[in-house]
Amino acid sequence: MADMEKITINIAPVDLGRIDVLVEEGFYQNRSDLIRAAIRRELDQHEAVLAAKTASSAGWSAGVVRYSRTDLERMARESQKVDVSGTGSLIIEADVPASLVEWVFGRVKWYGTVDASPAVRRVLDRKRN
């Protein structure tokens, strides 16, 4: 499946067995299908909290946000400080030096995945609030 992240969870053997029964009975195609459905139900149940979070945060992004070295160099020349906040995939291209991220990024509040070099990740971790 495209645009999916793999996660690992620990689950009690009894619960796993119960999931297998539901899969065998045809309620779900497989274990992952049940787990995705359960997560979607939980997210839907808390939709008001999620909507309030995104509405109260100016500049909130959702989806894939990518920064290239060119993007950040332009922001640095314009003396722009960027607060990065959102959900989804944050991608800082591999050729971006950590010092440039340090200079351009203000606060960082990202929920989801971050694809960046280890040095850039350390900068982002320091800027999380």
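Values quoted throughout were computed directly from the atomic coordinates according to the rules given, and no laboratory measurement underlies them. If you're wondering where the values come from, they're calculated on a predicted model, not measured in any experiment. Heads up, the Cβs are rebuilt from the backbone with ideal geometry, glycines too, and the neighbour counts pull from every protein chain shown.
Hey, does the stretch 30-37 have a residue that's touching an Asp or Glu at 6+ places or on another chain (Cβ under 6 Å) and among the polar types (S, T, N, Q)?
no
Does Asp71 meet the test of being of a type in the set (Asp, Glu), part of a strand (DSSP E or B) and surrounded by 10 or more Cβ atoms within 10 Å (Cβ to Cβ)?
Considered against the rule, which asks whether it is of a type in the set (Asp, Glu), part of a strand (DSSP E or B) and surrounded by 10 or more Cβ atoms within 10 Å (Cβ to Cβ), Asp71 comes out as no.
In this structure, is Ser99 assigned to a helix (DSSP H, G or I), among the polar types (S, T, N, Q) and within 28 Å of Leu16 (Cβ to Cβ)?
So Ser99 does not fit the description; no.
Name the residues in the stretch 82-129 that are loosely packed, with under 15 Cβ neighbours inside 10 Å and of a type in the set (Ser, Thr, Tyr), would you?
The answer is Ser99, Tyr111, Thr113.
Tally up the residues in the stretch 1-36 that are over 19 Å from the mean Cα position of the chain (by Cα), of a type in the set (Gly, Ala, Ser) and either under 20 Å from Thr113 (Cα atoms) or not in a loop (DSSP other than H, G, I, E, B) (or both), please.
Result for the stretch 1-36: 2.
Where residues in the stretch 59-68 are more than 11 Å from the chain's Cα centre (by Cα) and assigned to a strand (DSSP E or B), which of them is surrounded by the most Cβ atoms within 10 Å (Cβ to Cβ)?
Tyr67
Please go through the stretch 74-94 and pick out each residue that is part of a loop (DSSP other than H, G, I, E, B) and not hydroxyl-bearing (Ser, Thr, Tyr).
Within the stretch 74-94, Glu78, Gln80, Lys81, Glu93, Ala94 qualify.
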